[in-house]
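Let me begin by presenting the structure, written as structure tokens, before commenting on it.
Rule-based calculations on the coordinates, nothing more; no lab input. Model, not experiment: these values are computed from the prediction. Reconstructed Cβ throughout: ideal geometry from the backbone, glycine too, with neighbour counts over all protein chains shown.
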Amino acid sequence: MTPYVPPIADFNFLLYDVFGVDEEWPDRSAAIDKELANSILNECGRVAQDVMAPLSSSADREGAKWDDGKVSAPTGFKQAFDVLTEGGWLGTAGNPEFGGQGMPKALTTAVEEMFWGANTNLWLYAALTSGATYCIDAHASNELKARFLPAMYDGRWTGAMALTESHAGTDLGMMRTRAEHLEGGTYAITGTKIFITSGEHDLAENIVHLVLARIEGAPQGTRGISLFLVPKYLVNDQGELGERNGFASGSIEHKMGIRGSATSVINYEGAKGYLIGEANAGLRCMFTMMNYARVSVGVQGLGLSERAYQMASSYAKERLQGRAPTGPVKEQGAADPIIEHPDVRRMLLTQRALTEGSRAFAVFAAVQLDRAEHPDPGVSGVALRYVELLTPIVKAFISDRAMEASLLAQQCFGGHGYIVESEIEQVVRDVRISQIYEGTNGIQALDLLGRKVLQDGGNTLAELVADLRQAELDRSYATKVSEVLDLWLEATEWLRNSAGSNPSIVGAAAVDYLSLAGYAIYAWLWARMSLLDDGSLGKSNLARFYFDQLLPRSEYHANVIKNGSDSVTLPNSDWF
Ligand SMILES: Cc1cc2nc3c(=O)[nH]c(=O)nc-3n(C[C@H](O)[C@H](O)[C@H](O)COP(=O)(O)OP(=O)(O)OC[C@H]3O[C@@H](n4cnc5c(N)ncnc54)[C@H](O)[C@@H]3O)c2cc1C
């Protein structure tokens with residue numbers, strides 16, 4: 001197996017040279033400096049490489065197991081998970097008031113990428129915990145925070161997110177799980193949720209579910225949904241574990257990928273739950289967790305596409321087939337390495353330009369998340385607006401490009417990539433889910449175009465584009481960046497004008513709109529990276545490739561948008 005190599009040099013370049021994050025660190029409440037950040041990144045890289053990556057393929061082969069309600073994670077996961085908890089890796093971004101480390105999101109995004117890339121299956125048992133703690137910290141009472149957050153930050157207890165029901169996935173307004181008032185202000189939760197990642201497993205002492213349910217008498221639809229904290233074991237005021245709560249795993253799913261991650265059906269049978277936030281405002285609270293999780297799912301795709309590229313580039317240097325078009329490179333050998341073929345190079349460069357573009361985008365979005373906590377409301381307000389706008393693009397564009405990059409990596413292996421031993425096919429299966437869960441990428445596109453752009457009158461987008469135009473870029477690409485930003489704004493204006501008279505246009509154009517947005521942002525990122533690299537990371541080669549070979553896709557998406565929705569809506573549903 002190709003060893004996983006943590007991309008630390010690239011993180012350092014992005015954090016300090018491209019985004020200058022250390023200049024903003026003195027404003028943070030928790031102390032952080034370059035020296036501490038470097039030691040965090042290096043130690044994370046070591047854990048990813050030595051502890052997590054070696055378990056990735058065995059976990060896929062073995063899978064998670066279910067036996068009469070008990071769920072066990074694959075062999076070796078418990079020991080590796082203990083390494084994660086002992087290292088404090090579940091609480092890096094957490095609130096220091098309750099035992100978290102308060103590290104900046106720009107740094108924890110790098111940490112997450114390495115863990116996702118090294119072993120997505122294992123990190124799925126931890127990743128939901130960060131989102132859950134974020135949500136509890138933002139919306140729960142101080143009493144609940146004090147009772148649950150410290151053990152979750154140190155990884156003794158993990159988190160799960162329970163929204164989906166068999167008949168209610170995207171359309172959560174149809175959910176039926178109900179909550180009845182109990183004495184003492186708690187609730188009895190009853191219903192069945194499906195597809196619950198890490199809802200049951202044997203890696204932690206307790207599992208804290210955040211469950212969406214409908215309080216008796218609540219209005220129909222999304223306005224009648226509330227959020228509850230429902231622990232597997234009840235917890236007393238001293239934080240000690242008590243009796244088992246009333247829910248269990250009814251089964252686990254057999255899946256295309258992420259087979260080492262346990263995805264449960266959870267039956268809640270009068271389980272005791274604590275209301276988080278206000279009654280009937282549950283979806284708004286849950287969005288805190290979902291927004292966090294959406295960025296994290298984009299980063300999951302990114303981590304896996306890095307892993308795929310590392311496998312493909314190492315294979316392409318070893319595999320001998322045919323001769324380079326310009327004449328033999330290894331004259332003594334029977335053939336040249338396939339990396340000498342322009343098409344194989346095209347595939348590798350596409351992977352790398354997309355993956356490194358995605359990394360830059362993920363850090364850019366994380367910088368906005370950090371600024372959203374800035375003490376100056378002028379700074380935090382703008383950043384919050386940018387986070388809202390960028391989140392669906394981070395989730396969907398990064399995961400779409402990760403799928404593309406992983407398929408290209410598999411293609412570099414030829415027929416061997418279709419064979420299980422190559423291990424690249426696992427990456428392809430594992431990365432696929434990032435396009436589907438946390439809201440499908442189609443739904444992310446609707447969120448971007450409908451809610452974040454059109455409902456806002458395009459104001460935040462205009463503000464962001466104006467900000468991007470202020471930055472210093474590599475002169476060779478500045479004009480192209482300006483043109484693609486114009487293209488993005490023109491498409492927005494065209495859609496604003498059409499949407500009033502055509503109710504289908506947003507749905508028909510949204511996915512192309514999100515892709516156009518993604519390619520425009522990556523153009524800006526590549527022009528900036530090209531300017532700032534001293535040559536050691538090869539960013540100028542990749543920038544050139546991006547502008548020559550990938551940016552032209554933006555024109556395609558803009559053209560599709562302007563072709564309108566008729567060809568999509570004309571055939572009636574019976575025709576299909
Ligand atoms: C492995 C795995 C793990 C998961 N983990 C969790 C978890 O931990 N917690 C949890 O709560 N859920 C979880 N999910 C559920 C996941 O988030 C949902 O599957 C996903 O959001 C889509 O819902 P659905 O499957 O019901 O699809 P549907 O909502 O039925 O959608 C089917 C298709 O129709 C499209 N569609 C639906 N509505 C619209 C619309 N209004 N406009 C346009 N297109 C539309 C969708 O984009 C999709 O292409 C998980 C799912 C899987 C497979």
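With viscosity set to 0.692 mPa s at 37 °C, what whole-number translational diffusion coefficient in µm²/s follows for the stretch 8-149 from Stokes-Einstein and a Kirkwood radius over Cα pairs?
Taking Rh from Cα pairs, D becomes 199 µm²/s.
When we measure straight from the Cα of residue 255, which lysines land under 18 angstrom away, once same-chain ones fewer than 8 places off are left out?
Those lysines meeting the cut-off are 65, 193.
For the Cα atoms of the chain, what angle does the longest principal axis make with the long axis of helix 505-532, in degrees from 0 to 90, nearest 10?
The answer is roughly 60 degrees.
Which far-off residues, 5 or more places away or on another chain, put their amide H under 5 Å from the one on residue 235, with H placed in the peptide plane?
242
In Å, the Kirkwood hydrodynamic radius of the chain over pairs of distinct alpha carbons?
24.7 Å
Work out from phi, with θ = phi - 60° and the Karplus expression 6.51 cos²θ - 1.76 cosθ + 1.60, the ³J(HN,Hα) of each residue of the stretch 228-240, listed in order in whole Hz, and give x for Gly and Pro.
10, 9, 10, x, 5, 10, 5, 10, 7, 4, 7, x, 8
Could you tell me the relative contact order of the stretch 449-576? Use alpha-carbon pairs under 8 Å, at least six residues apart, and round to a whole percent. Can you show the working numbers first?
Numbers: 104 pairs, mean separation 39.6, N = 128.
For the stretch 449-576, the relative contact order is 31 percent.
Out of the DSSP beta bridges found with both residues in the chain, what percent are antiparallel (nearest 5)?
80 percent
Using a Förster radius of 25 Å, what is the FRET efficiency between residue 324 and residue 548 based on their Cβ-Cβ separation? Nearest 0.05, please. Could you put the intermediate results ahead of the total?
Working: r = 21 Å, r/R0 = 0.83.
Result of the calculation: an efficiency of 0.75.
Would you mind ranking 67, 447 by Cβ crowding within 10 Å, fewest neighbours first?
Fewest to most other Cβ atoms nearby, the residues stand as 67, 447.
To the nearest 0.05, what FRET efficiency results for residue 23 and residue 278 with a Förster distance of 35 Å applied to their C-beta separation?
In this case the efficiency is close to 0.35.
If you take every residue apart from residue 216 with its C-beta less than 14 Å away from the C-beta of residue 216, what net charge results, scoring Lys and Arg +1 and Asp and Glu -1? Write out the running numbers ahead of the final one.
Working: positive: 176, 178, 214; negative: 180.
Spelling it out: positives minus negatives among the neighbours equals +2.
Compute the helix-to-body angle for 77-86: its Cα long axis versus the longest principal axis of the chain, expressed 0 to 90° and rounded to tens.
80 degrees
So who's got an amide H within less than 5 Å of the one on residue 197, skipping anything under 5 residues away but keeping other chains? H placed 1.01 Å off N, in plane.
Distant-sequence amide H within range of residue 197: 161, 264.
Give, rounded to the nearest 20 debye, the magnitude of the charge dipole that the chain has about its Cα centre when Lys and Arg contribute +1 at Cβ and Asp and Glu contribute -1 at Cβ.
940 debye
Each residue of the stretch 352-358 in turn: what ³J(HN,Hα) in whole Hz from Karplus with 6.51, -1.76, 1.60 and θ = phi - 60°, glycine and Pro shown as x?
Running phi through 6.51 cos²θ - 1.76 cosθ + 1.60 with θ = phi - 60° gives 6, 5, 6, 5, 6, x, 5 Hz.
Considering the options 335, 127, 462, tell which one lies farthest towards the positive end of the dipole of the chain, charges being +1 on Lys and Arg and -1 on Asp and Glu at the Cβ, about the Cα centre.
Value: 335.
Can you give the convex hull volume per residue for the Cα atoms of the stretch 349-418, as a whole number of Å³?
69 Å³
At q = 0.13, 0.18 Å⁻¹, what log₁₀ I(q)/I(0) does the stretch 343-482 have when each alpha carbon counts as one equal point scatterer in the Debye sum?
So the normalised log intensities are -0.72, -1.12.
What does the convex hull of the Cα atoms of the stretch 440-567 come to per residue, in Å³, rounded to a whole number?
In the stretch 440-567, the Cα hull volume divided by residue count equals 103 Å³.
Mind checking the full-extension length gain between residue 332 and residue 429? Use 0.36 nm per residue of separation minus the Cα-Cα distance, one decimal, nm. Before the final figure, lay out the partial values.
Details: separation 97, 0.36 × 97 = 34.92 nm, distance 3.85 nm.
Between residue 332 and residue 429, full extension yields 31.1 nm more.
When we measure straight from the Cα of residue 70, which aspartates and glutamates land under 12 angstrom away, once same-chain ones fewer than 8 places off are left out?
Partners within reach: 200, 202.
Using 0.36 nm per residue, how much length does the chain from residue 251 to residue 569 gain when fully extended, once their Cα-Cα distance is taken away? Don't skip to the answer; put the middle values down first.
Working: separation 318, 0.36 × 318 = 114.48 nm, distance 3.97 nm.
Between residue 251 and residue 569, full extension yields an extra 110.5 nm.
FRET efficiency for residue 373 and residue 170, Cβ-Cβ distance as r, R0 = 30 Å, nearest 0.05?
For residue 373 and residue 170, the calculated efficiency is 0.50.
Tally Lys and Arg at +1 and Asp and Glu at -1 over the other residues with C-beta under 14 Å from the C-beta of residue 184: what net charge comes out?
Summing Lys/Arg as +1 and Asp/Glu as -1 gives -3.
By how many degrees, 0 to 90 and rounded to 10, does the Cα axis of helix 553-562 deviate from the longest principal axis of the chain?
In the chain, helix 553-562 runs at an angle near 60 degrees to the longest axis.
If you take every residue apart from residue 262 with its C-beta less than 15 Å away from the C-beta of residue 262, what net charge results, scoring Lys and Arg +1 and Asp and Glu -1?
Net local charge, residue 262 excluded: -1.
Tell me, what is the percent relative contact order of the stretch 158-280, built from C-alpha pairs under 8 Å that lie six or more residues apart?
Relative contact order, the stretch 158-280: 31 percent.
With a point put 7 Å past each Cα toward its Cβ, work out how far residue 202 is from residue 31 in nm, to one decimal.
4.3 nm
Sequence gap at least 6, Cα distance under 8 Å: using those rules, report the relative contact order of the chain to the nearest whole percent.
Once normalised by length, the contact order is 13 percent.
Figure the gain on full extension for residue 223 and residue 421 (residue separation times 0.36 nm, minus the Cα-Cα span) and round it to one decimal in nm.
This chain segment gains 66.3 nm when fully extended.
Mind giving me the nanometre distance, one decimal, between the label points for residue 86 and residue 237, set 7 Å out from Cα along Cα→Cβ?
Rounded to a tenth, the inter-label distance reads 3.6 nm.
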